[in-house]
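**Q** I have a structure here, written as structure tokens, and I will follow up with some questions on it.
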Number of protein chains: 2
Amino acid sequence: MPTTLEELVERVKDIGRLRSIGQLLEWDQDTYMPPRGVTARAQQAALIAGLAHEKLTAAETGALLGAVDVNEGDPVRQTIVRETRRSFERASRVPNELVKSIAEASAVAKDAWVRARKEDDFAAFAPHLATLVALKRRLADHVGFQGEPYDALLDEFEPGATVAGLAPLFAELERHTRELLRRIAASPHKPDVGILTRHFPRTQQEKLCRSMAEALGFDFSSGRADVTVHPFCTTIGGSGDVRITTRYHEDFLPAALFGTMHETGHALYELGLPFEHMFTPAAEAVSLGIHESQSRMWENFVGRSRAFWVAHFKELTALFPESLEGVTLEDFYRAINVVRPSFIRVEADELTYNLHIILRMDLERRLLRGDLKPADVPGAWNGRFSQLFGIVPPSDREGCLQDIHWSLGIFGYFPTYTLGNLYAAQFFEQVQRDLPDLPDTLAAGQTRPLLDWLREKIHRHGQRYRAAELIERVTGEPLSVQPFVRYATRKFSEVYAPQAS
Amino acid sequence: MPTTLEELVERVKDIGRLRSIGQLLEWDQDTYMPPRGVTARAQQAALIAGLAHEKLTAAETGALLGAVDVNEGDPVRQTIVRETRRSFERASRVPNELVKSIAEASAVAKDAWVRARKEDDFAAFAPHLATLVALKRRLADHVGFQGEPYDALLDEFEPGATVAGLAPLFAELERHTRELLRRIAASPHKPDVGILTRHFPRTQQEKLCRSMAEALGFDFSSGRADVTVHPFCTTIGGSGDVRITTRYHEDFLPAALFGTMHETGHALYELGLPFEHMFTPAAEAVSLGIHESQSRMWENFVGRSRAFWVAHFKELTALFPESLEGVTLEDFYRAINVVRPSFIRVEADELTYNLHIILRMDLERRLLRGDLKPADVPGAWNGRFSQLFGIVPPSDREGCLQDIHWSLGIFGYFPTYTLGNLYAAQFFEQVQRDLPDLPDTLAAGQTRPLLDWLREKIHRHGQRYRAAELIERVTGEPLSVQPFVRYATRKFSEVYAPQAS
């Protein structure tokens, strides 16, 4: 006879298995499914999502959770019980009819958003946004919050995070970023970014991306890389089957190259989760912010470092001998670290990126509190944008209509991107203390010491620690913007300094 | 409020959706899954199969089936109710513990078979075969049968088929085939098969196969073609998502070419099932035999016809200008229709193929009746083989260990391959009566009239008619071996006749 705890764990695994099957349905839809498969796919995905939700919120789950002691078993079992109880309680607090209403409203809103963006017609999207904000506000009320409604939504993606905790950090980050941007704008020493928009043949880019993913530590016996319109990383079979995707632009090298490094960063986290606890919270990421810290670390702190390209610049130029003729390592390093205010978040550099997030979090909070009417979003967006960047989007397409998130009813997700940057910087300062020769190691083409450190300190624990606890355990300090500010100041001061030639 | 019938149909669709998800899990495993994904995949597949089985055999399903009148609604609803009742009753008669025992024994037996075949060691496989035969005999007793135990197993793949019905047909087929083989063996006019074993570059074969699939009517907006070790056709999303696979041998053109045509034949059936009834028996194939009739028709009756190659030989030689230099249409036509006794079923020509099946059905029947001990299979195999083919396999690897079926606990499946040949011939005689200019149409590169005829007569009905009823409705006659014998006699007499040169 299995014990109650064993029975609970098996149930949790079935829920995890169903979700992983949902991931495969999505991955296949985005990669290989023929166009006319879409009708069946929507039905299959809805069925699996429904079964997973049913199993999580079933009375049997509640009974098992009620019958086990959270302190029973080893830390792994404790993690599973604690996190399952959290998911169960959160899900149980929300009425089914509200979940369904949100799903239905999102399906309609997404189509409306696609059209509205195409036609630059915010007014056509505004009523849908209003409906979704009202529904998510109701959801927040059901879930409950201590500070403001936004907390209840944030908590879904970044457990434990609150506006009270984030707002001061983000305000400090804004101040430092704007100061640094002023200095960058004033520098006459701009990188030549034209070298990145030459012609880079796709087959060569494919070779480069595969090689760079492997150089970072991606293991193709436990994963794949495919092509999709929007790049992503998804886990199909625990740390035995993690898949990334990218897209290729022949006239813009960074899209595929850094997209691949970013998704590889996510993948390395998933590949480092404990295989034996697959399908349970003991083998799931801490939070979206911590996940993003891994993708940003490999993309920016490693992939956009001089040290990394000391090891790989020769391979790069060998793949594109014509396009990169006469380009030096230093030219390339500066070009991939250009900083420029721009309208589109997903195209932003690593410094201005955070301002895009700060803007969105401000507006989301106000929408959820009821202080900002959905119809007034364009004005609020453009006003804040001008304040942050000194420029105003020429259209809502390039402004408040650019992101898909709101049309899917997703609010409270954006801050995890900036949290990722902050966590990454703080982890990276620590690893440099722990491994003083890391720059030399990277310059010698060895990423394994860094990966081993991340696995030991972060990956192998799954959800054992919350983000706040983890960052303190690993770095000895609570989350702070200072490591990121120090990193960015040092790096961009150097990139924009007068060059010896 | 949905009616009871609507509720039942929705339940049936959920079962169909779960099964289709199982198909995707398998397809992905065979095509793109990374090697280390296998642990998770086994768990995911078992979960989905279990959920589908649970839903089919649940008390609610029985209650709904009990509450609807089989004559209620249109023919589509009647088909759904009738076939679901059949599946429910069959599944309900078999104890869960037996289903589990068979699954477990098969898992072990499959590994044992792989090793036994590799080492040509039948004795190592014999105990596993004995276990599976005993379990399947128990299954047959639970399912019930009128004639002999084999009927209960046959009925799973070919509903309504019995030994009493098949045995006389197969005996007649054996007699005619052996007579025709004697004449072929005596002919001094042998095709030159060497032209098919020259070098055929893979990229060119890929172009050919894609083009031939399209020439037969495969629609790549509702399907895909990929590469696997063993070719198959699978349906992921009703007639909107049907996928085929093939394998390429650069030194043997027929493997990929006719493999593709065969799987395309299966796919065209699935693509012709009614989209609006997706996931129900009204959009499922009648039986494996009828399914095989479609693959054999397109592979052999069309793909190995002279008329088809009149239309496509130019394209073929343009793709392989060196390898096919000096080869005439007639040379090619004769080479792809060579008839030669051989040991391996999957490599057999369309005439000797049926003898391989007759041998297997004989042995399976005797095993299930208990007249043949599993340990005595090699002797029985070789004895019957010698009688049928005039040669004896040099090893069990090339004899009774060659097929995977028994190791998976699959008995009663083999006859559907030969039924496919017989159905195909009888359908093909009829379509030639209905469309007298079919050879000219095919020679002009038009396959659409044939496909339209198959869709109208067979595909669109799903499981509305059983195989025996269908063949009589379409051809006016019950199933007979005569059409196949006439077809084979005419074709092979001509292939092996003296050639004008």
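The values are calculated or read from the model by the stated rules, or taken from the named source; none is laboratory data. Just so we're clear, the structure is a prediction, and the values are computed from it rather than from any experiment. Because the Cβ atoms are built from the backbone with ideal geometry, glycine has one as well, and the counts that use them run over all protein chains shown.
**Q** Yes or no: region B:219-229 includes at least one residue that is modelled with pLDDT under 95 and not aromatic (Phe, Trp, Tyr).
**A** Within region B:219-229, the subset modelled with pLDDT under 95 is B:228-229.
Applying the additional criterion that residues be not aromatic (Phe, Trp, Tyr) yields B:228-229.
Yes, the conditions are met somewhere in region B:219-229.
**Q** Right, something else. State whether one or more residues within region B:472-481 are in contact with a Leu (Cβ under 9 Å, 6 or more places away or on another chain), surrounded by 21 or more Cβ atoms within 10 Å (Cβ to Cβ), assigned to a helix (DSSP H, G or I) and in contact (Cβ under 8 Å) with a residue 12 or more places away in the chain.
**A** Checked region B:472-481: no residue is in contact with a Leu (Cβ under 9 Å, 6 or more places away or on another chain), surrounded by 21 or more Cβ atoms within 10 Å (Cβ to Cβ), assigned to a helix (DSSP H, G or I) and in contact (Cβ under 8 Å) with a residue 12 or more places away in the chain.
**Q** Got a number for residues in region A:71-84 being more than 25 Å from the chain's Cα centre (by Cα) and in a helix (DSSP H, G or I)? Spell out how you get there, then give the answer.
**A** Filtering region A:71-84 down to residues more than 25 Å from the chain's Cα centre (by Cα) leaves A:71-78, A:81.
Still in the running and in a helix (DSSP H, G or I): A:75-78, A:81.
Of the residues in that region, 5 qualify.
**Q** Assuming B:Cys400 fulfils every condition listed in (1) in contact (Cβ under 8 Å) with a residue 12 or more places away in the chain; (2) outside any loop (DSSP other than H, G, I, E, B); (3) over 19 Å from the mean Cα position of the chain (by Cα) apart from one, which condition is it?
**A** Among (1) in contact (Cβ under 8 Å) with a residue 12 or more places away in the chain; (2) outside any loop (DSSP other than H, G, I, E, B); (3) over 19 Å from the mean Cα position of the chain (by Cα), B:Cys400 violates only (2).
**Q** Taking into account only those residues within region B:428-451 that are touching a Phe, Trp or Tyr at 6+ places or on another chain (Cβ under 7 Å) and of a type in the set (A, V, I, L, M, F, W, C), which is farthest from B:Glu299 (Cα to Cα)?
**A** Start the filter on region B:428-451 by keeping residues that are touching a Phe, Trp or Tyr at 6+ places or on another chain (Cβ under 7 Å), which leaves B:428, B:431, B:434-435, B:442.
If we keep only those that are of a type in the set (A, V, I, L, M, F, W, C) too, we end up with B:428, B:431, B:435, B:442.
On the way: B:Phe428: 13, B:Val431: 16, B:Leu435: 19, B:Leu442: 14 Å.
Step by step, filter region B:428-451, then rank; the result is B:Leu435.
**Q** Suppose we keep only residues that are under 13 Å from B:Gly223 (Cα atoms) and among the acidic types (Asp, Glu) within region B:249-280. Which one would you say is farthest from the other protein chains (Cβ to nearest Cβ)?
**A** In this case the residue turns out to be B:Glu263.
**Q** In the list A:Thr79, A:Thr84, which residue meets the criterion of being surrounded by 20 or more Cβ atoms within 10 Å (Cβ to Cβ), away from chain B (no Cβ under 14 Å), out of contact with any Cys (no Cβ under 8 Å at 6 or more places or on another chain) and closer than 27 Å to A:Ile244 by Cβ? Don't jump to the end; show me each part of the working.
**A** Details: A:Thr84 fails: closer than 27 Å to A:Ile244 by Cβ.
Just a single option satisfies the conditions, and that option is A:Thr79.
**Q** For region B:25-43, which positions are within 7 Å of chain A (Cβ to nearest Cβ) and either farther than 23 Å from A:Arg11 by Cα or outside any helix (DSSP H, G or I) (or both)?
**A** B:Asp28, B:Tyr32, B:Met33, B:Pro34, B:Pro35, B:Arg36
**Q** In contact with a Leu (Cβ under 9 Å, 6 or more places away or on another chain), crowded, with 19+ Cβ neighbours inside 10 Å, of a type in the set (Val, Ile, Thr) and more than 14 Å from chain A (Cβ to nearest Cβ): is that true of B:Thr61 in this structure?
**A** Taking the combined requirement at face value, the residue satisfies it.
**Q** Checking A:Ala307 against (1) in contact (Cβ under 8 Å) with a residue 60 or more places away in the chain; (2) small (Gly, Ala, Ser); (3) surrounded by 20 or more Cβ atoms within 10 Å (Cβ to Cβ), only one condition comes out false. Which one?
**A** Of (1) in contact (Cβ under 8 Å) with a residue 60 or more places away in the chain; (2) small (Gly, Ala, Ser); (3) surrounded by 20 or more Cβ atoms within 10 Å (Cβ to Cβ), only one is false for A:Ala307: (3).
**Q** In addition: Of the residues B:Val286, B:Val302, B:Val346, B:Val339, which is surrounded by 20 or more Cβ atoms within 10 Å (Cβ to Cβ), within 16 Å of the chain's Cα centre (by Cα), among the β-branched types (Val, Ile, Thr) and on the phi < 0 side of the Ramachandran plot?
**A** Numbers: B:Val302 fails: within 16 Å of the chain's Cα centre (by Cα); B:Val346 fails: surrounded by 20 or more Cβ atoms within 10 Å (Cβ to Cβ); B:Val339 fails: within 16 Å of the chain's Cα centre (by Cα).
Selected residue: B:Val286, the only one of B:Val286, B:Val302, B:Val346, B:Val339 that is surrounded by 20 or more Cβ atoms within 10 Å (Cβ to Cβ), within 16 Å of the chain's Cα centre (by Cα), among the β-branched types (Val, Ile, Thr) and on the phi < 0 side of the Ramachandran plot.
**Q** Collect the residues in region B:383-434 that are surrounded by fewer than 21 Cβ atoms within 10 Å (Cβ to Cβ) and polar (S, T, N, Q), keeping them in residue-number order.
**A** Selection gives B:Ser386, B:Gln387, B:Ser395, B:Gln402, B:Gln430, B:Gln432.
**Q** Just name the residue that is nearest to B:Arg86 (Cα to Cα) out of those in region B:44-58 that are facing chain A (nearest Cβ under 9 Å) and touching a residue at least 24 places away in the same chain (Cβ under 8 Å).
**A** B:Leu51
**Q** Considering only region A:219-248, how many residues are free of Cβ contacts under 8 Å to residues at least 24 places away in the same chain and facing another protein chain (nearest Cβ under 8 Å)?
**A** Result for region A:219-248: 4.
**Q** Starting from region B:482-501, keep only residues that are at pLDDT 95 or above, then list their pairs with residues that are among the polar types (S, T, N, Q) whose Cβ atoms are within a distance under 7 Å, requiring at least 6 positions of separation or different chains.
**A** Taking only residues 6 or more apart or on different chains, the pairs are B:Pro483/B:Gln426; B:Phe484/B:Asn421; B:Lys491/B:Asn337; B:Val495/B:Asn337; B:Tyr496/B:Ser187.
**Q** Hey, any hits in region B:136-154 for a residue that's surrounded by fewer than 18 Cβ atoms within 10 Å (Cβ to Cβ), in a helix (DSSP H, G or I) and touching a residue at least 60 places away in the same chain (Cβ under 8 Å)?
**A** No: zero hits.
**Q** For the list (1) of a type outside the set (Gly, Ala, Ser); (2) more than 15 Å from A:Leu316 (Cα to Cα); (3) surrounded by fewer than 19 Cβ atoms within 10 Å (Cβ to Cβ), I need the number of the one condition that A:Phe252 fails.
**A** Condition (2) is where A:Phe252 drops out.
**Q** One residue is enough: does region A:167-189 have a residue meeting the conditions outside any helix (DSSP H, G or I) and exposed (fewer than 14 other Cβ atoms within 10 Å of the Cβ)?
**A** The answer is yes, given that some residue of region A:167-189 is outside any helix (DSSP H, G or I) and exposed (fewer than 14 other Cβ atoms within 10 Å of the Cβ).
**Q** With the structure loaded, tell me whether B:Glu6 is in contact with a helix residue (DSSP H, G or I) (Cβ under 9 Å, 6 or more places away or on another chain), more than 26 Å from A:Phe279 (Cβ to Cβ) and among the acidic types (Asp, Glu) or whether it fails that test. Spell out how you get there, then give the answer.
**A** Working: in contact with a helix residue (DSSP H, G or I) (Cβ under 9 Å, 6 or more places away or on another chain): no; more than 26 Å from A:Phe279 (Cβ to Cβ): yes; among the acidic types (Asp, Glu): yes.
Criteria not met by B:Glu6.
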